[in-house]
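Colleague: Could you have a look at this structure, given as structure tokens, before my questions?
The values are calculated or read from the model by the stated rules, or taken from the named source; none is laboratory data. Bear in mind that the values here come from a model prediction, so they are computed numbers and not experimental data. Cβ: placed from backbone, ideal geometry, glycine included. Neighbour counts: every protein chain shown. The area values use the complete protein model at the heavy-atom level, side chains included, leaving out ligands, DNA and RNA. Shrake-Rupley method; radii C 1.70, N 1.55, O 1.52, S 1.80 Å.
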Amino acid sequence: MSIFVAVVAALLALLTLLLHRRLAVAPAWPRPVRRVVAVVLAVGWAAILAAFAIQGGVIDPRGTRWLAWFGMTWLAVAWYLLLGVLTLGILSLATRLVRPAARSGLLRIGTPLVAVAALCTTAYGLHEAAEPSVTPVTVTDRDLPAEFDGLRVALVTDLHVGPVRDAGFTRRVVEQVNAQRPDVVVLAGDLIDGRVAQVSDALAPLADLEAPMGVFAVSGNHEFISQEADAWMDYWETLGIDVLRNENATLTKGSATIRMSGIHDETGRGPDAPNVDQALRGVPADTFTMLAAHQPKAAESAQGKGVDLQLSGHTHGGQLWPFRYAVLLQQPLIDGLGAVGDVPVLTSRGAGAWGPPVRVLAPPEIPIITLQAG
């Protein structure tokens, strides 16, 4: 862990030095200006390190969320500064080849524009990430019993509460979900960042979720990153949540039944490793079955097993543009309703945000799925 921290600190230091070179030195600003830029970048670097320490539980988030917010927000600013200076660098190189005398003017004009663009983009992203919206989705399936026609399922993923967002954010999400009057709520992992002893209070409002047919949850990769995945799942159960640990539950309406199944995240190991066969044990082949799995790619292990709908999150829709395009290198789907082989998969962009409380062209959402018999 100490080696990992040292590597992250070194990489962030290199990024900071690069930004200083491109923002302060290359435009040949006067020395006082270069010093101001250096101080701002150094403070940002230190704030990012502190934010990661808070997120990892090294520093207790209680009382320090303002610092985590600042550090993580600055991380988003630094990302867009990097994109800006790289673009400006390419333009500068082209100008040097075509019209060398114009390069200095380009840097003097372009550098402030890059800084303003990065700040404005981050400000927009803060606003976009502030409140998730409800996304209505309709899924029609011939295996769904008529008694369950119109069943409403709320999918809540990727809250990531703890270091930056507290119980207030969770409470607002709960109120949004309850206002939709779902029959079932599925919490598909990555609900937290941090340790149970430090940030469990941020999830406490989940106890107020209202769903007559049950509130179900599965683990995400960040539960395992916390190294307290089992403790987190135990805590969820104290909130009245039915945690599906490679298992399934029967939902009944009249004489008809469907199954709600769930698996551990792909990062689980040992008894917490994902096991689709175990999760579907005892499920008749002709029974409509939903599978909660944090990562969309879990559907690759569910091929030919009779899963009618997989509910996932994890991708955040990329969260910070242009990461959206990189998601497909690791996941088969980014967001929305799609298919992985013979498994229909609904992937939510998530209600919260990891790291920076910022989303750019990837708004947070709470999908409300209406099941129809067809």
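Colleague: Can you tell me how many residues within region 175-190 are assigned to a helix (DSSP H, G or I), over 30 Å from Trp74 (Cβ atoms) and open to solvent by 10 Å² or more (accessible area, probe 1.4 Å)?
Modeller: 3
Colleague: Now, a different point. So which pairs qualify, if the first residue must be in region 2-26 and among the β-branched types (Val, Ile, Thr), the second must be buried (at least 17 other Cβ atoms within 10 Å of the Cβ) and not in a helix (DSSP H, G or I), the Cβ gap must be under 9 Å, and the two must be at least 6 apart or on different chains?
Modeller: Final answer for the pair search is Val5/Gly56.
Colleague: Only one of Ala279, Ala249 is out of contact with any helix residue (DSSP H, G or I) (no Cβ under 9 Å at 6 or more places or on another chain), crowded, with 23+ Cβ neighbours inside 10 Å and farther than 27 Å from Ala353 by Cβ; which?
Modeller: Within the list Ala279, Ala249, the selection yields Ala279.
Colleague: Can you pull out every residue in region 202-229 that is acidic (Asp, Glu), surrounded by 16 or more Cβ atoms within 10 Å (Cβ to Cβ) and assigned to a helix (DSSP H, G or I)?
Modeller: Glu223, the sole residue that qualifies.
Colleague: Tell me the residue from Trp45, Trp69 that is open to solvent by 70 Å² or more (accessible area, probe 1.4 Å), out of contact with any Leu (no Cβ under 8 Å at 6 or more places or on another chain) and either under 24 Å from Ser226 (Cα atoms) or of a type in the set (Gly, Ala, Ser) (or both), please.
Modeller: So the residue among Trp45, Trp69 that is open to solvent by 70 Å² or more (accessible area, probe 1.4 Å), out of contact with any Leu (no Cβ under 8 Å at 6 or more places or on another chain) and either under 24 Å from Ser226 (Cα atoms) or of a type in the set (Gly, Ala, Ser) (or both) is Trp69.
Colleague: Given the options Val85, Val77, name the one that is modelled with pLDDT of 95 or more, over 16 Å from Gly355 (Cβ atoms) and buried (at least 16 other Cβ atoms within 10 Å of the Cβ).
Modeller: Val85
Colleague: Checking Phe148 against (1) open to solvent by 30 Å² or more (accessible area, probe 1.4 Å); (2) of a type outside the set (D, E, K, R); (3) touching a Lys or Arg at 6+ places or on another chain (Cβ under 7 Å), which test does it fail?
Modeller: (1)
Colleague: Now, a different point. Just checking, does region 98-109 include any residue being outside any loop (DSSP other than H, G, I, E, B), within 14 Å of Val77 (Cβ to Cβ) and either of a type in the set (Val, Ile, Thr) or in contact with a strand residue (DSSP E or B) (Cβ under 6 Å, 6 or more places away or on another chain) (or both)?
Modeller: no
Colleague: With the checklist (1) of a type in the set (A, V, I, L, M, F, W, C); (2) without any contact (Cβ under 8 Å) to a residue 24 or more places away in the chain; (3) open to solvent by 90 Å² or more (accessible area, probe 1.4 Å); (4) more than 14 Å from Ala28 (Cβ to Cβ) in hand, flag the one item Ile109 doesn't pass.
Modeller: Here Ile109 clears every test but (4).
Colleague: Within region 191-201, can you find the residues that are within 26 Å of Asn275 (Cα to Cα) and surrounded by fewer than 20 Cβ atoms within 10 Å (Cβ to Cβ)?
Modeller: Arg195, Val196, listed by residue number.
Colleague: Considering Trp354, Trp321, which residue is aromatic (Phe, Trp, Tyr), open to solvent by 10 Å² or more (accessible area, probe 1.4 Å), out of contact with any strand residue (DSSP E or B) (no Cβ under 6 Å at 6 or more places or on another chain) and farther than 22 Å from Val137 by Cα?
Modeller: Trp354
Colleague: Right, here's the next one. Can you tell me how many residues in region 112-136 are out of contact with any Lys or Arg (no Cβ under 6 Å at 6 or more places or on another chain) and surrounded by 17 or more Cβ atoms within 10 Å (Cβ to Cβ)?
Modeller: 8
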